[in-house]
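Participant: So that we are looking at the same thing, I have put the structure below in structure tokens.
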Amino acid sequence: MKVKALSRSTADYTRETKSDIQRLPRNIDPALHPLERAREYKRALNAAKLERMFAKPFLASLSGHIDGIYSMAKNPWDLDQIITGSGDGELRIWSLESQETMWRAPAAHRGIVRGVCNVPGGATDRFLSVGADKLVKVWSRSEGSVASDGTPEAVATYS
């Protein structure tokens, strides 16, 4: 009587180092997997549907910041404007209609601008910014003083 037994060498599927990929025994015979082609087609179809479902139309790009934008706030009283703060300490007010910078403070903070928000009350054009330099600054487009080089200065600074 013949007895058939499977024998595997441990060297075939044992990793030499921790970073090696674990080898698993696989049988890729198409006769044993008759629905593989249909399964892969269904996966590809679902992936395409999900991609279409989560796709959003690209409207515009506001280019101007040198570093990445880390904070953003919309003005609830003027929906055409948004305020952005970047990683190099720059603040900008953008016009969404014209897609251009309306106001900018190149060296508003030393380091990343962590947050920006509008001062409550629609009668004022003041807004706040806080940076990685641990300073909170109050800004205004109309009230703020201007330095000798033409850059705006904060109305008030709190540490």
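Participant: Among the residues of region 127-152, write down those that are surrounded by fewer than 15 Cβ atoms within 10 Å (Cβ to Cβ), over 24 Å from P76 (Cα atoms) and either among the small types (G, A, S) or touching a Ser or Thr at 6+ places or on another chain (Cβ under 6 Å) (or both).
Facilitator: Once the filter is applied, which keeps residues that are surrounded by fewer than 15 Cβ atoms within 10 Å (Cβ to Cβ), over 24 Å from P76 (Cα atoms) and either among the small types (G, A, S) or touching a Ser or Thr at 6+ places or on another chain (Cβ under 6 Å) (or both), region 127-152 yields A132, S145, A147, S148, G150.
Participant: Considering only region 99-126, state which residues are charged (D, E, K, R) and surrounded by 15 or more Cβ atoms within 10 Å (Cβ to Cβ). So that I can check it myself, show each step before the final result.
Facilitator: We begin by selecting, within region 99-126, every residue charged (D, E, K, R); these are 100, 104, 110, 114, 125-126.
Once the filter is applied, which keeps residues that are charged (D, E, K, R) and surrounded by 15 or more Cβ atoms within 10 Å (Cβ to Cβ), region 99-126 yields R104, R114, D125, R126.
Participant: Take the residues in region 19-38 that are among the aliphatic types (A, V, I, L, M) and open to solvent by 100 Å² or more (accessible area, probe 1.4 Å), then tell me which one is nearest to S9 (Cα to Cα).
Facilitator: This residue is L24.
Participant: Follow-up. Among (1) in a loop (DSSP other than H, G, I, E, B); (2) free of Cβ contacts under 8 Å to residues at least 24 places away in the same chain, where does R39 come up short?
Facilitator: Condition not satisfied by R39: (1).
Yes or no, residue by residue, for (1) closer than 13 Å to G64 by Cα; (2) assigned to a strand (DSSP E or B):
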position	(1), (2)
D78	no, no
G85	yes, yes
D88	yes, no
R92	yes, yes
W103	yes, yes
H109	no, no
V116	no, yes
P120	no, no
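Participant: Got at least one residue in region 85-100 being closer than 16 Å to P152 by Cα, touching a residue at least 24 places away in the same chain (Cβ under 8 Å) and among the polar types (S, T, N, Q)?
Facilitator: No; the residues of region 85-100 include none that is closer than 16 Å to P152 by Cα, touching a residue at least 24 places away in the same chain (Cβ under 8 Å) and among the polar types (S, T, N, Q).
Participant: From (1) in a helix (DSSP H, G or I); (2) open to solvent by 60 Å² or more (accessible area, probe 1.4 Å), pick out the condition that doesn't hold for A48.
Facilitator: (2)
Participant: Identify the residue in region 51-82 that is under 17 Å from the mean Cα position of the chain (by Cα) and over 20 Å from Q99 (Cβ atoms) and, among all such residues, is least open to solvent (accessible area, probe 1.4 Å).
Facilitator: By that ranking, first place goes to A55.
The values are calculated or read from the model by the stated rules, or taken from the named source; none is laboratory data. All values derive from a computational prediction rather than experimental measurement. No Cβ is skipped: glycine too gets one built from the backbone with ideal geometry, and neighbour counts run over all protein chains shown. Ligands, DNA and RNA are stripped out before the accessible areas are found, and what is left, the full protein with its side chains, is counted by its heavy atoms. Shrake-Rupley method; radii C 1.70, N 1.55, O 1.52, S 1.80 Å.
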